[in-house]
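The block underneath contains the structure these notes are about, expressed in structure tokens.
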Amino acid sequence: MKSPIKIPQNEDLKIHSQLYALLEGRLNKFYNENKDRIDDYLYIKSKLEELEYRLNPQYRLTISNNKRAGKIINASLKLPFIQKENSKSKYPFFNIHIGKLADYKQGLKDPQLKIDAEKKIKKYIDNKFPFSILSIDNQLVEYRY
């Protein structure tokens, strides 16, 4: 990769605090000159990552034993684009009830279970955390599944 920074050549090429200060100053100058473009790039990149995750959510199906309902299927869903306050985990996990195990003949391998799980997961994400993006005139636009 080609460096966008011209660095003066000295005979004594050693790492020292002046080199750090020089690079830090050049970085700050570059950021200040291109602040709008860099911020736009980072915002759009984060929204693309969020949208990609929403299209292909990561979840794990588990079977739990409930005293009243019997064996039930839950989905453990990880949402990296949601920042949960007062949480030990970097990414919050959510448990979503999918249905009873008796409703699916092949258990966790049932193809209908995967269809139902994705529908319920997308509905949950849509209701709790709708996808929103700022338009060019700073209006918040929400998109739904």
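Give me a count of the residues in segment 32-80 that are hydrophobic (A, V, I, L, M, F, W, C), more than 16 Å from K123 (Cα to Cα) and touching a residue at least 40 places away in the same chain (Cβ under 8 Å). The number of residues fulfilling the criteria is 3.
Take D126 and decide whether it is out of contact with any helix residue (DSSP H, G or I) (no Cβ under 7 Å at 6 or more places or on another chain), at pLDDT 90 or above and open to solvent by less than 100 Å² (accessible area, probe 1.4 Å).
Spelling it out, D126 is indeed out of contact with any helix residue (DSSP H, G or I) (no Cβ under 7 Å at 6 or more places or on another chain), at pLDDT 90 or above and open to solvent by less than 100 Å² (accessible area, probe 1.4 Å).
Within segment 87-122, the set of residues being more than 18 Å from I63 (Cα to Cα) and either of a type in the set (G, A, S) or surrounded by 13 or more Cβ atoms within 10 Å (Cβ to Cβ) (or both) comprises S87, S89, Y91, P92, K122. Among the conditions (1) at pLDDT 90 or above; (2) in contact with a helix residue (DSSP H, G or I) (Cβ under 8 Å, 6 or more places away or on another chain); (3) open to solvent by less than 70 Å² (accessible area, probe 1.4 Å); (4) not in a helix (DSSP H, G or I), the only one that I63 does not satisfy is (3).
Table: residues versus (1) in a helix (DSSP H, G or I); (2) among the hydrophobic types (A, V, I, L, M, F, W, C).
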| residue | (1), (2) |
| --- | --- |
| Y31 | yes, no |
| Y43 | yes, no |
| E85 | no, no |
| L113 | yes, yes |
| K122 | yes, no |
| I125 | yes, yes |
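Quick check on segment 2-15. Is at least one of its residues open to solvent by 100 Å² or more (accessible area, probe 1.4 Å), touching a Phe, Trp or Tyr at 6+ places or on another chain (Cβ under 9 Å), at negative phi and modelled with pLDDT under 80?
Yes, segment 2-15 contains at least one residue that is open to solvent by 100 Å² or more (accessible area, probe 1.4 Å), touching a Phe, Trp or Tyr at 6+ places or on another chain (Cβ under 9 Å), at negative phi and modelled with pLDDT under 80.
The values are calculated or read from the model by the stated rules, or taken from the named source; none is laboratory data. On a predicted model such as this, the values are computed, not experimentally measured, just so you know. Positions of Cβ are generated from backbone atoms using ideal geometry, with glycine treated the same way; all protein chains shown enter the neighbour counts. Just so you know, the surface numbers come from the protein's heavy atoms only, side chains and all, with ligands and any DNA or RNA stripped out. Shrake-Rupley method; radii C 1.70, N 1.55, O 1.52, S 1.80 Å.
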